[in-house]
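The values are calculated or read from the model by the stated rules, or taken from the named source; none is laboratory data. Here the structure is a predicted model, which means the values were calculated and not measured. Cβ sites come from the backbone with ideal geometry, for glycine too, and all protein chains shown count toward neighbours. Ligands, DNA and RNA are stripped out before the accessible areas are found, and what is left, the full protein with its side chains, is counted by its heavy atoms. Shrake-Rupley method; radii C 1.70, N 1.55, O 1.52, S 1.80 Å.
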Amino acid sequence: MRTVSLTALRRIAIHAQGYASRSRAGSRREVEDTIRRLSCVQLDSITAVERSHRIALGSRVGEYPRQTVSRLLGEGRIFEYWAHEACLIPIEEWPLFRLRMTRNHPWRGDVTAEHPELAAEIVAAIRERGALTSRDFEGQGGGGMWNWKPAKQVLESLWNAGELVSAGRVSGFQRLYDLAERVIPRDVLDARVPDAATRDRELTLRAVRARGALTEAGIVEHWRFRGGTARVRPHVDSLVADGLIERVRVEDGGADVLVPAGTDLAPPRPTVAALLSPFDNLLWDRGFARRTLGFEHVIEVYKRAHERQYGYYVLPFLWRDRIVGRADLKSERSEGALVVKAFHREPGVRSSAALDDALDRALDRLRRTIGVEQVRR
């Protein structure tokens, strides 16, 4: 078994994320390819700075047209479903998620069983009128069966079952629901659905390739697998035996790490300077971030103002191969400005002209992704 240092380990993980080292404009194909390389990109509704998936994709491909993801969804190039959380996922992975797709929504249960007539009416309406949002059902029927709350719950249940899919997002981040058969390519819909063991093995391999380096616990966290590491260990052992991934020992004596077979264990230092979404893939496994980056990741949007240490919506600042600070930011769209409310350097990080320049570049790239004209400090 080969041995890797913590420095090399964090560099492997950072390189795997594909962060851009300079400002650029990304194409639709690059956005699609980035989602594929990452295996999934988390969605979140908070807009204090920008939607999380736009920050995550922008840090890798640069600025890109706002409707890109919505169009990729409508064209059946990607789909939305539960992965780490609700995520954007490459379309070819649809068969791997079919076993999970039931009307039993994780938050609401099977509301279609409570409202079978409403479910039939919703499907019929979408079949006849085309893709619709929950607002299209709001208030119809005199507040009875077409009341917004049950209609929205039924839509979500049908989406959870894979009968409806997201064909895009419209104003207010509203999901546009359409029939799966009209959006998902026929060859994908007709593809064989693997059994649970085959699915878990494939998802284990995809997690390792997407993250570059992670532990068995990190695989569990990547896909939010139930059953803990005992569920993935047999698949890890099988993938190692087949020469697809490799276990490596870490100099700190902690848990072994998994990397794609043949990974260079002495990579160069990354040149990245990027502000990361709080929900960025690099940060999903907080224990791994603490171990490799020396970074204690906290998300304070759910805390009361007086309980926050760093701010409401804080973006970790990745420079080279370390997270060196946290930027408390806010987009003032009416003023065309990205506002820096505060920047907190990590312990042991000194102020320098090089650091200031790197942060300026990262702020400018984020400004372009958001689509505002200036950064204001």
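For the chain, the ratio of Cα radius of gyration to the globular rule of thumb 2.2 N^0.38 Å stands at 1.04.
Using the beta-carbon distance between Met1 and Arg129 and R0 = 45 Å, what value does 1/(1 + (r/R0)^6) give for FRET efficiency, to the nearest 0.05? Computed FRET efficiency for Met1 and Arg129: 0.15. By the Kirkwood approach, averaging reciprocal distances over each pair of separate Cα atoms, segment 277-326 gets a hydrodynamic radius of 11.4 Å.
Nonpolar atom fraction for segment 219-277, defined as the carbon and sulfur part of the 1.4 Å probe accessible area, stands at 49 percent. Checking every one of the trypsin sites (Lys or Arg not before Pro) in segment 316-359 against DSSP loop status and a limit of 12 other Cβ atoms within 10 Å picks out Arg350. When the chain is treated as a GNM with alpha-carbon contacts under 10 Å, the residue of Leu203, Leu318, Leu355 showing the greatest mean-square fluctuation is Leu355. Exposed loop sites are taken as chymotrypsin sites (Phe, Trp or Tyr not before Pro) in a DSSP loop (any state but H, G, I, E or B) with at most 12 other beta carbon atoms within 10 Å; the longest stretch of the chain without one runs 108-301. Among the GluC sites (Glu not before Pro) within segment 53-90, those in coil by DSSP and having at most 13 neighbouring Cβ atoms inside 10 Å are Glu85.
Per-atom-type breakdown for segment 93-218 gives carbon and sulfur 48% of the accessible area (1.4 Å probe, protein chains only). Among the trypsin sites (Lys or Arg not before Pro) found in segment 1-52, those both in a DSSP coil and sparsely packed, with 16 or fewer other Cβ atoms within 10 Å of their Cβ, are Arg2, Arg22, Arg24. If you look at the Cα atoms of segment 19-92, you get an Rg and a Dmax of 11.5, 32 Å. For the pair Arg226 and Ala191, label points projected 7 Å from Cα toward Cβ lie 2.5 nm apart.
Comparing mean-square fluctuations of Ser351, Ser39, Ser157 from a GNM of the chain with C-alpha springs under 10 Å, the top value falls on Ser351.
With a cut-off of 20 Å on the backbone N, the residues of segment 199-243 near the modelled label site 7 Å out from Asn104 along Cα-Cβ are 199-200, 224-228, 231. Averaged per residue, what accessible surface does the chain expose to a 1.4 Å probe, in Å²? Averaged over the residues of the chain, the accessible area is 43 Å². Just Gly218, Gly172, Gly130 to compare: in a GNM of the chain, with alpha carbon springs under 10 Å, which one fluctuates most? It is Gly172. If the Kirkwood radius is taken over C-alpha pairs of segment 289-377, then at 25 °C and 0.890 mPa s the Stokes-Einstein diffusion coefficient equals 176 µm²/s. More than 16 angstrom separation, counting every C-alpha pair in segment 226-339; what % is that? Of the Cα pairs, 72 percent sit more than 16 Å apart. For the pair Ser238 and Ala354, the difference between a 0.36 nm per residue extended length and the Cα-Cα distance amounts to 37.2 nm. Helical runs (DSSP H, four residues minimum) scored at -39500 (n - 2.57) apiece and divided by the length of the chain put the mean residue ellipticity at 222 nm at -11500 deg cm²/dmol.
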